[in-house]
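What follows is one structure encoded as structure tokens, with my remarks underneath.
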Amino acid sequence: GEPPAAAEAAPPSGAGEAAAMEGGEASAAEDGEDGKAKKKKKKKKKGKDKDKDKQRAKGLRARLQELHERLDTDDPERTPSAGETCRDFFARTSDVWVRKLLEERPGLSDNPHFSEKELRRDAFSLAQERYAELEPVLQELDDLEREQNEAEREAVAAGGKKRGKR
């Protein structure tokens, strides 16, 4: 006949099916409870993530405002545009820097030994100083604004998904 190992391995007819069904019912009930717990945990995590996104956006807005105020970047005549070179910045704002130079050195315009070329060169130096002061900060501002826009899009998307389920 059959080797004894094969007989031992085969469960008695019907007994294995009943055990499997009982186990299946028990695990389905457990899965239901686990599923509810998992959903609750996931919902709680989403709330925390949403709060974290809001906090991040709020922090970015505060940092942007602080940088704008500290460096007076709201004045387009004293602030390089995005991607603008120092030379282009001076070409666009040279009158501002010449006026500033004349205000700082009142007797300069009356000095016959000071040529217009020297005046423009010194005005360019003022523009160059402002450009150098703002260049790294402008890059940071661009990065922060991009990050803030992304955070706001994510917050809107998260809010829109929630409304869509209702």
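A short reminder: the numbers here are calculations on the coordinates, not readings from a lab. Since this is a predicted model, take the numbers as computed values, not measurements. Counting neighbours? That spans all protein chains shown, and the Cβs are built from the backbone with ideal geometry, glycine included.
Quick notes
- Separation in nanometres of the label points that stand 7 Å from Cα toward Cβ, at GLN55 and GLU129: 4.2 nm
- Summing charges over neighbours of VAL96, with a neighbour being any other residue whose Cβ is under 11 Å away from its Cβ, gives +1 when K and R count +1 and D and E count -1.
- Neighbour net charge for GLU133 - beta-carbon separation under 12 angstrom, K R +1, D E -1: 0
- The calculated FRET efficiency for the pair HIS68 and LYS41, based on their C-beta separation and a Förster distance of 41 Å, comes to about 0.50.
- Net charge of neighbours whose Cβ lies under 12 Å from the Cβ of CYS86, counting Lys and Arg as +1 and Asp and Glu as -1: -2
- Computed E for PHE114/ARG146 - FRET, C-beta separation, R0 41 angstrom, nearest 0.05: 0.40
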